[in-house]
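This report concerns only the one structure given below.
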Amino acid sequence: MKKNLTFYSHYCNSHNHWKFKLLRSKYGWAGEGKFWALNNMIADAENCILNLNKKNIKASIAADLQFSLNELEDYIDFLLTECELIKSLDGQIYTK
């Protein structure tokens, strides 16, 4: 099982993957940057899982990514259902 990560790698051409092109089509390059910031938060979280059921965690993430709470929910939903960049289990998000 993954624990808190201090390093992870990704492909240098990941920006060409359809998932990131779809993300940028709605949120621009800033949206992709926000994904990587979110991915870093997930990597740093206990067992690499962010519990968005906890209001303080959700509010902190929204503030860090410069989203309102509603905007963050929409963004997370888009990453989950459209881009397939994150996974969710009972309000807890994680990535591969």
Filter result (loosely packed, with under 12 Cβ neighbours inside 10 Å and not small (Gly, Ala, Ser)) within the range 15-29: 16, 18, 29
Residue in the range 88-96 that is open to solvent by 30 Å² or more (accessible area, probe 1.4 Å), in contact (Cβ under 8 Å) with a residue 40 or more places away in the chain and of a type in the set (Ser, Thr, Tyr) present: yes
Long-range neighbours under 6 Å by Cβ, at least six apart or interchain, first residue among the aliphatic types (A, V, I, L, M) and part of a loop (DSSP other than H, G, I, E, B) within the range 1-29, second open to solvent by less than 70 Å² (accessible area, probe 1.4 Å) and at pLDDT below 95: 5/43
Residues being outside any loop (DSSP other than H, G, I, E, B) and either open to solvent by 40 Å² or more (accessible area, probe 1.4 Å) or aliphatic (A, V, I, L, M) (or both) - total across the range 34-59: 17
Selection status of residue 78, in contact (Cβ under 8 Å) with a residue 40 or more places away in the chain and aromatic (Phe, Trp, Tyr): yes
So residue 62, is it under 12 Å from the mean Cα position of the chain (by Cα), open to solvent by less than 60 Å² (accessible area, probe 1.4 Å) and at pLDDT below 95: no
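The values are calculated or read from the model by the stated rules, or taken from the named source; none is laboratory data. Keep in mind that what you see is a predicted model, and the values were worked out from it rather than measured. Here the Cβ is made from the backbone with ideal geometry for all residues, glycine too, and neighbour counts use every protein chain on show. The accessibility values were calculated without ligands, DNA or RNA, using every heavy atom of the protein model including side chains. Shrake-Rupley method; radii C 1.70, N 1.55, O 1.52, S 1.80 Å.
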